[in-house]
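Below you'll find the structure, written out as structure tokens, and then a few comments.
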Amino acid sequence: MCGIAGYLDFDRKVNIEILKKMADVIRHRGPDDEGYALFDSVKSYHFSGRDTDKGCSITRKLREASSQEKAGFLGFGYRRLSIIDVSSAGHQPMEDKENEIAIVFNGEIYNYIELRDELEKLGVQFGTNTDTEVLLASYKIWGEDCVTHFNGMWSFAIFDRKNKKLFCSRDRLGAKPFYYYLAGNHFVFGSEIKQICQDNLLKRQINEKRLAATLVLRIQDYSEETLLSEVFELPGGYNMTLQFDFLAHKITKVIKKKYWDLDVSKVEKNNRWYETIGDSIRLRLRSDVPVGVMVSGGVDSSFLLNEICKYKNVEDASYSSRLDTFTSCYKNDSKNDESYYAQLVNRAWGTKEHLIYPDEADTLSAYKKMIWHYEDFAPFSTLGAFMTLKEVAKTGVKVVINGQGGDESMLGYERYYAYFLLDLMKKNPRAGIKQISSIIHHSKLSYKELVGYMFYFGMPWVRIIRNKIKSRRLYKKKFLRHFSTKEMLPIIKMKNLNAMIYKEIRKTQLPHILRMEDRGYMAYSMESRVPFIDYRYLEEVVKIPPMSKIQNGYTKYLLREKMQETLPNEVVWRKNKNGWSSPGKRWVDRFDKNEVEKMLQSPVAEKYFNMPYVRQQWIKNPSGKEMEAFFFVEIFMREFHITA
């Protein structure tokens with residue numbers, strides 16, 4: 001796990017000052033090691049940095065590069081969070097022995113041990129115990145198809161000198177980020193948008209179409225576009241290859257290719273989902289540093305902890321007693337506090353429990369920091385999770401397993417009821433009506449709320465019109481013209497429940513969650529691992545009929561069944577889903593009022609907002625959605641030095 005940076009320019013050569021800044025600005029992603037490499041068509045030159053591992057033999061600093069070395073057209077930068085083989089053997093950028101290919105890699109290849117065995121049978125010899133070397137060797141053997149052999153999370157770039165190309169890839173679901181800016185013969189890439197912003201050739205301009213969609217529909221990560229008009233992201237499940245002509249000194253071709261997608265067309269009852277999630281957990285427990293688990297007491301995290309302890313306690317009966325678990329807690333707040341349920345789960349296995357009560361005296365500074373890290377919209381309520389992770393990091397645990405992705409695969413969100421019922425009523429109205437009664441009894445939704453969900457999510461026009469009308473008072477008319485109903489309607493319109501599952505996993509909900517997962521944990525130099533996004537598990541679980549996942553009104557029924565033997569019924573058959581919520585009002589009440597007044601009096605985001613209405617809302621409802629939108633845009637523009 002780390003942060004990567006790349007700077008390619010055939011016309012002006014590598015700007016090493018910018019490359020260094022790109023690595024430095026993401027030091028939080030990898031404080032354990034630092035490295036750089038410059039490349040020309042014949043040679044490679046490696047350099048160290050202030051944080052380079054003391055065991056690394058490379059000692060020359062990047063600033064000491066000679067004029068010949070700086071004449072290269074490509075540079076890699078790297079920041080390491082040491083997880084697998086924590087020795088200096090894992091230093092990057094890494095090259096093969098023949099100096100034909102070089103890599104800068106962020107992530108983990110969980111099945112690297114099995115791949116290593118397979119490659120050794122093919123005659124490959126290894127000099128380290130790292131997954132990075134396995135990845136590099138896999139590319140030499142299988143070429144660009146190597147990614148189909150990987151089970152993991154990754155974003156990487158491989159410079160293939162022999163074949164005159166730069167091969168970039170992102171894992172199937174997009175757990176690890178890859179952002180880039182491409183203009184002619186100039187290509188810059190990194191793990192975070194703030195790295196691309198270090199490039200002085202980039203125009204820091206808001207992508208107003210993307211911003212409008214985010215603010216009106218609260219939808220993010222639905223396309224390759226970002227909030228900056230010239231910065232894009234490589235989608236999950238895609239490779240991108242830049243082909244070079246060394247003699248002509250230019251990029252000749254850029255090819256983006258989808259290498260994986262999720263097929264939701266097949267329906268089949270099976271128990272393979274359970275076998276694959278078990279193997280997913282086993283692989284994600286591989287680590288040379290301590291591993292902990294986030295436990296909310298909800299179905300997903302409780303299921304994972306249950307499976308982890310069942311698996312590990314077989315080989316070591318005392319394992320669960322040493323396992324660190326973490327829970328966000330809020331005193332005198334029954335709506336957001338889940339410590340009761342989490343403690344029931346922890347006591348069932350006797351884990352090493354950490355109850356965290358997130359708090360900050362200066363919540364506005366904390367919110368600013370969160371926006372700087374997340375690089376996109378984040379509601380006030382997410383501040384609780386962000387502050388929790390700060391406390392988790394203080395325990396020394398570097399790897400944390402969590403239950404994200406369980407809702408999308410097992411129909412956990414209440415909105416799935418809408419399409420579940422609409423699909424069912426088309427086939428069997430009587431069965432649909434019966435399910436309505438079960439849902440009301442075994443979820444937190446009332447009849448009125450359930451019908452409202454069916455209209456809101458089942459009729460996308462209603463959703464768009466409702467949100468556009470609500471937006472008129474807050475946003476300026478000129479800005480709202482950037483909202484494209486024609487473009488957004490197909491994104492939120494679902495033909496049926498299967499279409500909704502596909503879009504939420506591949507296009508909207510899960511990509512959004514995984515970005516926040518990556519940024520939140522990496523902000524405090526930790527690695528987040530998500531067993532529910534193992535592609536093998538997803539390929540099996542999406543085949544299972546919805547009636548198997550939602551039974552008697554209970555969502556995620558199959559997960560609940562597997563927990564019955566070992567966990568209390570209060571946890572197994574919980575109805576109140578929280579989703580790692582926190583008291584947003586509490587955080588806003590502690591915002592520095594003087595600083596808020598400065599923002600309201602001299603807003604950089606005035607181009608987008610009707611400021612008299614914003615000021616009115618600050619008095620009437622300071623923690624409402626209107627102020628949430630204003631603070632986000634205002635802080636984002638200030639933190640990233642963007643002028644309207």
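The values are calculated or read from the model by the stated rules, or taken from the named source; none is laboratory data. All of these numbers come straight from a predicted model, not from anything done at the bench. Every residue, glycine as well, gets a Cβ built from its backbone with ideal geometry; the counts of neighbours run over all protein chains shown. Note: accessible area is taken over every heavy atom of the protein model, side chains too, but ligands, DNA and RNA are not part of it. Shrake-Rupley method; radii C 1.70, N 1.55, O 1.52, S 1.80 Å.
Could you list, in sequence order, the residues of the stretch 287-343 that are under 20 Å from R560 (Cα atoms) and out of contact with any strand residue (DSSP E or B) (no Cβ under 8 Å at 6 or more places or on another chain)? Scanning the stretch 287-343 gives G298, V299, D300, S302, F303, N306, E307, C309, K310, Y311, Y340, Y341. Checked against (1) touching a Pro at 6+ places or on another chain (Cβ under 9 Å); (2) charged (D, E, K, R); (3) buried (at least 18 other Cβ atoms within 10 Å of the Cβ); (4) more than 24 Å from F126 (Cα to Cα), R80 passes all but a single condition, namely (4). Among all positions in the stretch 237-250, there is at least one residue which is aromatic (F, W, Y), surrounded by 19 or more Cβ atoms within 10 Å (Cβ to Cβ) and at pLDDT 95 or above.
Those helices (runs of 4 or more DSSP H) of the stretch 89-206 in which 3 or more residues are without any contact (Cβ under 8 Å) to a residue 60 or more places away in the chain and surrounded by fewer than 21 Cβ atoms within 10 Å (Cβ to Cβ) occupy 112-121, 131-142. Taking helices (runs of 4 or more DSSP H) as the structural unit, those lying wholly within the stretch 519-579 and holding at least 1 residues that are within 23 Å of A499 (Cα to Cα) and either in contact with a Lys or Arg (Cβ under 9 Å, 6 or more places away or on another chain) or open to solvent by 10 Å² or more (accessible area, probe 1.4 Å) (or both) correspond to 535-541, 546-549, 557-563. The single residue among I206, I158 that is within 25 Å of A629 (Cα to Cα), at pLDDT 95 or above and out of contact with any Asp or Glu (no Cβ under 7 Å at 6 or more places or on another chain) turns out to be I206. Name the single residue, out of those in the stretch 352-369 being open to solvent by less than 20 Å² (accessible area, probe 1.4 Å) and either touching a residue at least 60 places away in the same chain (Cβ under 8 Å) or part of a loop (DSSP other than H, G, I, E, B) (or both), that is nearest to R574 (Cα to Cα). By that ranking, first place goes to P358. Note on the stretch 503-518: among residues that are hydrophobic (A, V, I, L, M, F, W, C) and open to solvent by 10 Å² or more (accessible area, probe 1.4 Å), the one that is farthest from E192 (Cα to Cα) is I513.
As a summary of the residue check, G297 satisfies the conditions (1) at negative phi; (2) in contact (Cβ under 8 Å) with a residue 40 or more places away in the chain except for the one numbered (1). Residue count for the stretch 236-294 under the criterion of being in contact (Cβ under 8 Å) with a residue 12 or more places away in the chain, of a type in the set (G, A, S) and outside any helix (DSSP H, G or I): the result is 5.
When each of T382, T388 is tested for being under 30 Å from Y319 (Cβ atoms), touching a residue at least 60 places away in the same chain (Cβ under 8 Å), buried (at least 18 other Cβ atoms within 10 Å of the Cβ) and within 27 Å of the chain's Cα centre (by Cα), the lone residue that passes is T388.
When L304 is tested against (1) outside any helix (DSSP H, G or I); (2) among the aliphatic types (A, V, I, L, M); (3) under 30 Å from A342 (Cα atoms), just one condition goes unmet, and that condition is (1).
Residues in the stretch 287-318 that are open to solvent by 40 Å² or more (accessible area, probe 1.4 Å) and hydrophobic (A, V, I, L, M, F, W, C) were compared, and the one that is nearest to Y274 (Cα to Cα) is V314. For the stretch 264-277, a residue qualifies if it is open to solvent by less than 30 Å² (accessible area, probe 1.4 Å) and not aromatic (F, W, Y), and the qualifying residues are V264, N270, T276, I277. The single residue among S548, S525, S602 that is under 21 Å from V299 (Cα atoms) and hydroxyl-bearing (S, T, Y) turns out to be S548.
Among the residues of the stretch 371-380, at least one is out of contact with any Lys or Arg (no Cβ under 7 Å at 6 or more places or on another chain), closer than 25 Å to R515 by Cβ and in a helix (DSSP H, G or I). A count restricted to the stretch 584-602 and to residues that are touching a helix residue (DSSP H, G or I) at 6+ places or on another chain (Cβ under 7 Å), open to solvent by 20 Å² or more (accessible area, probe 1.4 Å) and part of a loop (DSSP other than H, G, I, E, B) stands at 2. In a residue-by-residue description of the stretch 259-269, the property of being within 27 Å of G6 (Cβ to Cβ), in contact with a Phe, Trp or Tyr (Cβ under 8 Å, 6 or more places away or on another chain) and at pLDDT 95 or above applies to at least one position. Check whether at least one residue in the stretch 397-413 is in a loop (DSSP other than H, G, I, E, B), hydrophobic (A, V, I, L, M, F, W, C), touching a helix residue (DSSP H, G or I) at 6+ places or on another chain (Cβ under 8 Å) and surrounded by 18 or more Cβ atoms within 10 Å (Cβ to Cβ), and report yes or no. Yes: the stretch 397-413 contains one or more residues that are in a loop (DSSP other than H, G, I, E, B), hydrophobic (A, V, I, L, M, F, W, C), touching a helix residue (DSSP H, G or I) at 6+ places or on another chain (Cβ under 8 Å) and surrounded by 18 or more Cβ atoms within 10 Å (Cβ to Cβ). Of all residues in the stretch 319-341, those that are open to solvent by less than 50 Å² (accessible area, probe 1.4 Å), free of Cβ contacts under 8 Å to residues at least 60 places away in the same chain and assigned to a loop (DSSP other than H, G, I, E, B) total 3.
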